Amino acid sequence: MEGGIPVTDTSAFRDCFSLAWKNPYVLRLAFSAGIGGLLFGYDTGVISGALLYIRDDFKDVDRETYLQEMIVSMAVAGAIVGAAIGGWLNDRFGRRSTILIADFLFFVGAVIMAAANSSPVLIVGRIFVGFGVGMASMTSPLYISEASPAKIRGALVSTNGFLITGGQFLSYLINLAFTKAPGTWRWMLGVAGLPALIQFVLMLLLPESPRWLYRKGREEEAKTILRKIYSENEVEEEIHALKESVDAEIEATGSSGKISYAELWKTKTVRRGLIAGVGLQVFQQFVGINTVMYYSPTIVQLAGIASNETALLLSLITSGLNAFGSIISIYFIDRTGRKKLLIISLCGVILSLGLLSGIFHDTSTHSPLVAPTVTSQFKNYTCPDYSSAVNANRWSCMKCLKASSPSCGFCASSTNKLWPGECLISIDTVKDMCHGQDRLWYTRGCPSKTGWLALVGLGLYIIFFSPGMGTVPWIVNSEIYPLRYRGICGGIAATANWVSNLIVAQSFLTLTTAIGTSWTFLLFGVVSVVALFFVLICVPETKGLPIEEVEKMLELRALHFRFWEKSPQTVENK
C-alpha cells in the first residue's frame, strides 16, 4: 500500500465502538464537536421548505425573485467569509474557541431569523448563520481529528459527515412537521438555536485540542488530555511524535510566528497538502452534489413527475440516502482507506451521471406532441408562441415548455399522459383548470415512460457519492496539513468548497436552460472523470497514520503521475 501504511486485521468500525466502550471520553469529544456538523446540515437544508412560507408572509419576497435568491445565497456567502476567518481563528485562539464562536453566531442568526419582521432583517439573520456554518464546516472535523486515536480517526471524523447529512434529513422532517403550525417558517429557522445552545454548553465542559495546546507551549495541559485519549502503552509514543513534529517545524521556520501565504506555497509539505485538500473540496462540489440536494424536487419534475408533493417526498428519500451513505463511510473509512473509497465513489458517480444524462436525453427527445385541437375551456389560454408558430404541428411538450413570451405549460391528455396534450399559458388559473379535468400539469419536465429511471439514477448517485466524495474530503483536510498550518490551510480548503458550492448552485438552472438537462449532467460526468484522475495522481493515502506521520509522508511523496506504479517509499517500507 502507498506510503507503507500498515494493514489492520480487524474492522476500525468495531475498534471504534470497542474503544468507545472502554473510553467514552473520546466519543464524547467527537459527538460534542459533531453537533456543529448537524447545524451545518440542518441550516443548509431547511431553507428550501421555509422559503415557500416566507413568500406568503413577505409579499416583497414573493414578487421579487432576487430577494428569494438572496435569502438562499447570503448564507453561502456568509459561509465563505466564515470559513476564511475560521482558519485564522483556529490558529490564533484554538479549535474549541472557534466552535464556541460558531455556536454563538448560529444562535444569534436563528433568533434574528425567527423574529424577523421584514426581508432585510431575515437576510441579516441568514448572514450570521452563514458565518457560523462556514466556521463549523472546517473546525468540527479538525477538532475531532486532533482529539482521535489514529486507528479510528477516520471513523470518528466520519461521524461529523453523518451528522451533516443527518441534519439535512432532519431539516426535511422539521419542514413537514411545522407545515400546519402558526408561524411555520419561524419555527423551521428558529429551531436551529437549540442544538447550537446545547453544543455551546458541552464545549465549555470539554478541553482544547491537545495538538494546538502543545504547539502553543502548553505542554502539560496537552499531555494530560492525550493521556485521557490514548492507552498507557500508546500515549508516550504519541507525545514523542508530537514533540518531534513541533521541534522540526520550529527548526525549519526559525519561529512559530505569523504565517504568510508565500510561505504556504514555498513549504513542500504544505503545498502538496493544499493541492490534495483544496482539489478534493472543489471537486466535491463540481461533480454536482449540491445540484442534486438543492434541486432534487426540480430534477424529479424534469424527469416527468408533475406533483409537487411527490417531488418533495422523493427529495426526503434522497436526503435519507445521503445520511445512510455517511453510515457506510463510518464503517469503511478506516477499513478500506481514504483513497480507495474515493476511487470507488467517483466510479459510481460517473456511471450514475451517465445514466441520468441518458434518461434526460430520452425524455427530451420522446416527449408527447401538442394536440392540434384545443379544448373549448382553454380557447383563450393557448400559448402565443404555439399559435404563431409556422410548424406548430411539429411542436412537442419540450418545445412548449421552452416558450418564453409568456412562459407556457403542458396539460397532459386525460386518457394517457403520453398522448398529445395542450400547450397553454403557464398561470395558476390554467393550472387549476387542467387539474380540474383530472389532467396533469407540467412546467419543468414532460411525461415520459422512462422518467422513473431518473429516481434510480439519483438514488445511485447519492449512494456512491456520500460514503466517498461526501465525507473523505473533510477527513483528508483535517489530517493532511502540518500542525503549524492546519488552521489556515483548513480555512483555505473550506473557503474553496463554499465558493465552488455557490458557483454550482447559481449556474445549474442557467446551464439546464442553455444546453439542456442531459448535457448538464454529462458535463458533471466529465468533471467526475477529471476528479478520478486527480485522486489517483495527487491524493495520498492517510489511513492508519498518526497525524505527525502524514507530514513525513508528504515530505517524501511527489505527485504520483504514474499512479499505476507503486511509489518508491511504498517499496522501501514493505
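The values are calculated or read from the model by the stated rules, or taken from the named source; none is laboratory data. All figures in this text were calculated on a predicted structure; none of them were measured in a lab. So basically every Cβ, Gly included, is an ideal-geometry build from the backbone, and we count neighbours across all protein chains shown. For accessibility, only protein heavy atoms count, side chains too; no ligands or nucleic acids. Shrake-Rupley method; radii C 1.70, N 1.55, O 1.52, S 1.80 Å.
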Could you work out how much longer the chain between Ser405 and Arg218 gets when fully extended? Use 0.36 nm per residue separation minus the Cα distance between them, nm to one decimal. 60.5 nm
Let me check the size of region 366-468 from its C-alpha atoms; what are the radius of gyration and Dmax in Å? 15.7, 55
What angle do you read, to the nearest 10 degrees and between 0 and 90, between the alpha-carbon axis of helix 452-465 and the longest principal axis of the chain? 10
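Let's see if you can work this out: charge +1 on each Lys and Arg Cβ, -1 on each Asp and Glu Cβ, no other charges. What is the dipole magnitude of the chain about its Cα centre, in debye to the nearest 20?
On the way: 48 positive and 43 negative charges, 123 e Å.
Dipole about the Cα centre, nearest 20: 600 debye.
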Spelling it out for Ser396: with amide H atoms placed in the peptide plane at 1.01 Å from N, the residues 5 or more places away or on another chain with amide H under 5 Å from its amide H are Val370
Want the number for Leu173 to His435: 0.36 nm per residue separation, take away the alpha-carbon distance, what's left? 91.5 nm
Excluding residues on the same chain fewer than 8 positions from Lys399, give the lysines whose Cα lies under 19 Å from its Cα. Lys417, Lys431, Lys449
Helix axis angle, 232-253 relative to the chain longest principal axis, alpha carbon, degrees: 90
Length gained if Leu204 through Ala248 is fully extended, taking 0.36 nm per residue and subtracting the Cα-Cα distance, is 12.6 nm
At 222 nm, what helix-only mean residue ellipticity would the chain give, in deg cm²/dmol to the nearest 500, using -39500 (n - 2.57) for each DSSP H run of four or more? -24000 deg cm²/dmol
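If you count only protein heavy atoms with a 1.4 Å probe, what accessible area per residue comes out for the chain, rounded to a whole Å²?
Values: 24130 Å² over 574 residues.
I get 42 Å² per residue for this part.
Once neighbouring chains are kept in place and the probe is 1.4 Å, which whole percent of the accessible area of the chain is contributed by carbon and sulfur? Could the numbers behind the result be given before it?
Values: 15340 of 24130 Å².
Carbon and sulfur together cover 64 percent of it.
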Helix 24-57 vs. the chain, principal-axis angle (Cα, 0 to 90°, nearest 10): 20
With Rh as the Kirkwood radius over Cα pairs, region 130-281 has Rg/Rh of 1.06
Return the distance in nm (one decimal) between the two label points of a simple spin-label model at Val529 and Ala392, each offset 7 Å from Cα along Cα→Cβ. 4.4
Simple spin-label model, 7 Å along Cα-to-Cβ: Asp428 to Asn233 in nm? 7.2
Just to confirm my numbers, what's the Cα centroid distance between region 177-218 and region 338-379 in Å? 39
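What FRET efficiency comes out for the pair Ile344/Gln377, r = Cβ-Cβ distance, R0 = 41 Å, nearest 0.05? Don't jump to the answer; show the numbers that get you there.
Working: r = 54 Å, r/R0 = 1.33.
Working from the Cβ atoms, E equals 0.15.
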Lys/Arg +1, Asp/Glu -1 at C-beta; the chain dipole; positive extreme among Gly94, Thr510, Ile229: Thr510
